[in-house]
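What follows is a single structure, written as structure tokens, with notes after it.
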Amino acid sequence: MLAMLWPSAALWITAVLLTGRAEAQYSSDQCSWRGSGLSHESHRRDVEQVYLRCSQGSLEWLYPTGAIIVNLRPNTELSWRHTAGVHVCIKPQPYSQGSHVYLEHKGDLQMLLAEEDQVLGTVRCFSLAGGALFVEAIPQTDISRRITAFQYELVPVQGPGAHMYPYLNPASVSCKPCADEEILMAVCTSDFAGSGMFRGVASTNKHTLLVVTLSRLFHQKSGVFVWGGVRGRGWSGRMNIPRHCSRLPGQDEYLLTGSIHFGEAWLSCAPLYKDFLRLYTKALKMGTNPCQIDIN
């Protein structure tokens with residue numbers, strides 16, 4: 001939950017926005033930004049504007065002084081009434097320090113990540129329509145070893161698997177099985193889809209880690225699954241689920257679909273593969289399948 005903090009900081013940013021003392025820096029690739037506080041070290045109260053227009057990327061601020069405002073936008077045209085359906089999640093690097101990260105909206109600041117939270121890799125999410133990121137450097141006598149760095153990604157709050165991604169809204173995480181329509185859509189639009197078996201499970205304080213081997217891999221967004229499963233056959237990998245949605249390894253074959261967040265796979269729709277085959281074959285005959293895959 002976001003918390004209000006440091007009224008003095010809020011007064012400072014309000015004054016900056018009203019007087020127009022913010023400088024702009026534009027990312028060359030529109031996805032990631034790397035800058036240095038040394039560019040305005042003599043003006044330690046300066047605020048720089050950074051504009052990023054991408055679905056995911058990173059920020060690295062060396063020798064932080066003053067503050068930066070990070071304006072995030074999707075790389076597609078969305079009206080403001082639709083941005084409420086998109087959230088931004090940020091994950092700090094374990095070496096990140098030297099700044100506090102706030103959500104800024106019309107001069108009001110809400111704490112997202114205090115400096116001490118960043119070494120833990122704590123993920124924070126907020127609505128894209130809720131404002132911009134305000135990254136404020138902590139005054140230091142020696143800034144030579146300070147780097148603020150985090151990854152970000154834009155995450156839709158609807159769609160296959162969104163209900164199982166715990167960082168969006170932990171109170172609403174649901175382990176309910178996907179409906180037939182959701183399964184058919186998930187195999188087409190998820191970041192990964194394949195069929196396989198659970199080989200092992202391990203619980204952490206935050207979620208459950210599943211070890212899987214896929215005999216089929218229909219598609220994947222990035223290389224989270226690598227060739228060389230059991231006895232060198234199939235694709236092997238790991239995926240996360242919320243801890244209270246724990247699934248025990250078994251000998252059944254499942255359709256495995258899900259999303260990839262910060263380089264990690266998260267499971268979403270996972271019916272028995274034989275049930276999916278019946279569902280997909282029926283949809284194929286009726287012409288209601290949203291996409292076509294090779295199930296042979």
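Report whether or not Ser195 is in contact with a helix residue (DSSP H, G or I) (Cβ under 9 Å, 6 or more places away or on another chain) and at pLDDT 90 or above.
Details: in contact with a helix residue (DSSP H, G or I) (Cβ under 9 Å, 6 or more places away or on another chain): yes; at pLDDT 90 or above: yes.
Yes, satisfied.
When Asp275 is evaluated against the numbered criteria (1) at pLDDT 95 or above; (2) assigned to a strand (DSSP E or B); (3) not aliphatic (A, V, I, L, M), which criterion, by number, is the only one it fails?
Only one criterion in (1) at pLDDT 95 or above; (2) assigned to a strand (DSSP E or B); (3) not aliphatic (A, V, I, L, M) is unmet by Asp275, namely (2).
Taking Glu264, is it of a type outside the set (Phe, Trp, Tyr) and under 28 Å from the mean Cα position of the chain (by Cα)?
Answer is yes for this residue.
Residue by residue through the range 175-208, note down the ones that are among the β-branched types (Val, Ile, Thr) and out of contact with any strand residue (DSSP E or B) (no Cβ under 8 Å at 6 or more places or on another chain). Talk me through it step by step, then tell me what you get.
If we filter the range 175-208 for residues that are among the β-branched types (Val, Ile, Thr), which is where we start, we get 183, 187, 189, 201, 204, 208.
Once the filter is applied, which keeps residues that are among the β-branched types (Val, Ile, Thr) and out of contact with any strand residue (DSSP E or B) (no Cβ under 8 Å at 6 or more places or on another chain), the range 175-208 yields Thr189, Thr204.
Quick one: how many residues across the range 235-254 are surrounded by 14 or more Cβ atoms within 10 Å (Cβ to Cβ), closer than 21 Å to Phe276 by Cα and modelled with pLDDT under 90?
Total meeting the criteria: 3.
Looking at the range 273-296, which of its residues are in contact with a Phe, Trp or Tyr (Cβ under 6 Å, 6 or more places away or on another chain) and farther than 15 Å from Leu217 by Cβ?
Going through the range 273-296, the residues in contact with a Phe, Trp or Tyr (Cβ under 6 Å, 6 or more places away or on another chain) turn out to be 273, 293.
Of everything in the range 273-296, nothing turns out to be in contact with a Phe, Trp or Tyr (Cβ under 6 Å, 6 or more places away or on another chain) and farther than 15 Å from Leu217 by Cβ.
The values are calculated or read from the model by the stated rules, or taken from the named source; none is laboratory data. Remember, predicted model here, so these are calculated numbers, not experimental data. Cβ atoms come from the backbone with ideal geometry, glycine included; neighbour counts cover every protein chain shown.
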